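K.L.:
I have a structure I would like to understand better, so I am pasting it below and will then ask my questions one at a time.
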Amino acid sequence: MNRNHARTVIRGPLLAMVVLVAFAGTALATPASSFVGTLTSRATLAESIHFNTDAVKLQTKGSVDFVTATVAIAAGGSSGWHSHPGIVLVSVVSGSLTFYDAACVGTVYAAGSSFVESGVTPGLVRNTSATVAASVLATYLVLEGTPNSALRVDAANPGCAQS
């Protein structure tokens, strides 16, 4: 066997493994179900800001985009496991939702409450009601130019009973 043929024999399986690993996250992702988001606005804050007022501190280190969306979650609907770049401020407008973190701990949020999603650790939002729909308003604070398609990063179930 010549050297080039030996390299080809080794590279073939190695390339297949790399492709498999690259797509494994997508293949293992848990899809959303009865969970529909609609982007309503997008604007860029071009300069860095630093506010420290009363109980609020907000600082950016460069240009960021503010992206707002409405999300409708049917009874029994689920976001699927996912994460977000930047920070997402979520206000529950109607109904009630349970947010599960990667440790499988669920926290219930009723209409009028809010929560924050951030970072690469996956979470899952579920409407546990069998009859009542829920809705939220979400404001994403992300690096300027983050494409709409990258506002949500699908993730595999971290081993929780919820999916």
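K.L.:
Restricting to region 105-128, count the residues that are under 16 Å from Ala32 (Cα atoms) and assigned to a loop (DSSP other than H, G, I, E, B).
P.N.:
3
K.L.:
So is Ser96 at pLDDT 95 or above and touching a strand residue (DSSP E or B) at 6+ places or on another chain (Cβ under 8 Å) or not?
P.N.:
Values: at pLDDT 95 or above: yes; touching a strand residue (DSSP E or B) at 6+ places or on another chain (Cβ under 8 Å): yes.
Judged against the criteria, Ser96 is a match.
K.L.:
Moving to a separate point now. Would you be able to say whether some residue in region 132-142 is surrounded by 14 or more Cβ atoms within 10 Å (Cβ to Cβ), in contact (Cβ under 8 Å) with a residue 12 or more places away in the chain and out of contact with any Ser or Thr (no Cβ under 9 Å at 6 or more places or on another chain)?
P.N.:
Yes, that holds for at least one residue.
K.L.:
Test each condition in (1) more than 14 Å from Gly37 (Cβ to Cβ); (2) touching a residue at least 12 places away in the same chain (Cβ under 8 Å) for Pro147 and report the one that comes out false.
P.N.:
(2)
K.L.:
Out of the residues in region 143-155 meeting the condition of being part of a strand (DSSP E or B) and surrounded by fewer than 16 Cβ atoms within 10 Å (Cβ to Cβ), tell me which one is farthest from the chain's Cα centre (by Cα).
P.N.:
Here is the first cut: in region 143-155, the residues part of a strand (DSSP E or B) are 143, 153-154.
Those still in the list that are surrounded by fewer than 16 Cβ atoms within 10 Å (Cβ to Cβ) too: 143, 153.
Values: Leu143: 15, Val153: 5 Å.
By that ranking, first place goes to Leu143.
K.L.:
Let me ask something else. Please specify each residue of region 89-106 satisfying the condition of being hydrophobic (A, V, I, L, M, F, W, C) and either touching a Leu at 6+ places or on another chain (Cβ under 8 Å) or surrounded by 19 or more Cβ atoms within 10 Å (Cβ to Cβ) (or both). Reasoning before the result, please.
P.N.:
The initial filter retains those residues of region 89-106 that are hydrophobic (A, V, I, L, M, F, W, C), namely 89-90, 92-93, 97, 99, 102-105.
Of everything in region 89-106, those that are hydrophobic (A, V, I, L, M, F, W, C) and either touching a Leu at 6+ places or on another chain (Cβ under 8 Å) or surrounded by 19 or more Cβ atoms within 10 Å (Cβ to Cβ) (or both) turn out to be Leu89, Val90, Val92, Val93, Leu97, Phe99.
K.L.:
Cβ-Cβ under 8 Å, sequence separation 6+ or interchain: first residue in region 31-48 and part of a loop (DSSP other than H, G, I, E, B), partner exposed (fewer than 11 other Cβ atoms within 10 Å of the Cβ) and of a type in the set (S, T, N, Q). Which pairs?
P.N.:
Every condition considered, the pairs that remain are Ser48/Gln59.
K.L.:
Let me ask something additional. With the structure loaded, tell me whether Leu137 is closer than 20 Å to Gln162 by Cα, part of a strand (DSSP E or B), of a type outside the set (Ser, Thr, Tyr) and out of contact with any His (no Cβ under 8 Å at 6 or more places or on another chain) or whether it fails that test. Show your work before the answer.
P.N.:
Details: closer than 20 Å to Gln162 by Cα: no; part of a strand (DSSP E or B): yes; of a type outside the set (Ser, Thr, Tyr): yes; out of contact with any His (no Cβ under 8 Å at 6 or more places or on another chain): yes.
Answer is no for this residue.
The values are calculated or read from the model by the stated rules, or taken from the named source; none is laboratory data. For clarity, every value in this text was computed on a predicted model and none was experimentally measured. Positions of Cβ are generated from backbone atoms using ideal geometry, with glycine treated the same way; all protein chains shown enter the neighbour counts.
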